[in-house]
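Worksheet: one structure, shown below.
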Amino acid sequence: MAHNPELLKAWWSFRNYSVNGGALGKRKGALVILRVAVHTKAWYEWGSHVERSLACGLTMDEIDRVKVLSGSNGWEPSEAILLRAVDELIAAHGLSQDTHIALCEHYSIQQVMDIMAIHGMYVILACMVNTWRLELDSHVQDKLPDGLTKEAFEAEYA
């Protein structure tokens, strides 16, 4: 975004709000970001957010389970519906009535809006990093668990 300073300036506050999870908090915000990274096959985003996800309390097992795009896979109900909502936002660009109702059993309207907004922010970012094939910063790669590499991530989605 250095090539478009006005966009960067406008985007920066939204990015900071999103990366911190907004009203969802860091853990649930991280789940949204990781799920978008899976759908968009964005290694840069996946790699960048594994470390942040671990820091906010997700386990490596949970992070790996974010990659599974069907079923609840052992998630607590509020997190299972959160992940399903991201799946629907990616596939249909909106929420079904059933998913919206289920989300509202666990989340406030503000939080539902943040699910949509964080999803959208990271779709935008994934489009940029995938288009320009940005490489993960070496200082971020160095902090990732052993075996967590671009090649391994991409092999899962080949």
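The values are calculated or read from the model by the stated rules, or taken from the named source; none is laboratory data. It should be emphasised that the depicted structure is a prediction, and the values quoted were computed from it without experimental measurement. FYI the Cβ positions are ideal-geometry reconstructions off the backbone, even for glycines, and counts take in every protein chain you see.
Could you check how many residues of segment 1-56 are out of contact with any helix residue (DSSP H, G or I) (no Cβ under 7 Å at 6 or more places or on another chain), within 23 Å of Gln111 (Cβ to Cβ) and not aliphatic (A, V, I, L, M)?
Residues in segment 1-56 being out of contact with any helix residue (DSSP H, G or I) (no Cβ under 7 Å at 6 or more places or on another chain), within 23 Å of Gln111 (Cβ to Cβ) and not aliphatic (A, V, I, L, M): 8 in total.
Return yes when Val112 is touching a Cys at 6+ places or on another chain (Cβ under 9 Å) and at pLDDT 95 or above and no when it is not.
Criteria met by Val112.
List the helices (runs of 4 or more DSSP H) that sit entirely inside segment 102-158 and contain at least 3 residues that are without any contact (Cβ under 8 Å) to a residue 60 or more places away in the chain and over 22 Å from Asn16 (Cα atoms).
Details: elements: 109-131, 138-141, 150-156.
Output list reads 150-156.
How many of the residues in segment 130-158 are touching a Ser or Thr at 6+ places or on another chain (Cβ under 9 Å) and closer than 21 Å to His93 by Cβ?
1
Of the residues Arg65, Arg15, which single one is surrounded by 14 or more Cβ atoms within 10 Å (Cβ to Cβ), free of Cβ contacts under 8 Å to residues at least 24 places away in the same chain and out of contact with any Leu (no Cβ under 7 Å at 6 or more places or on another chain)?
Exactly one residue qualifies, and that residue is Arg65.
Tally time: how many residues in segment 119-134 are surrounded by 12 or more Cβ atoms within 10 Å (Cβ to Cβ), within 16 Å of Gly47 (Cα to Cα) and of a type outside the set (Phe, Trp, Tyr)?
8
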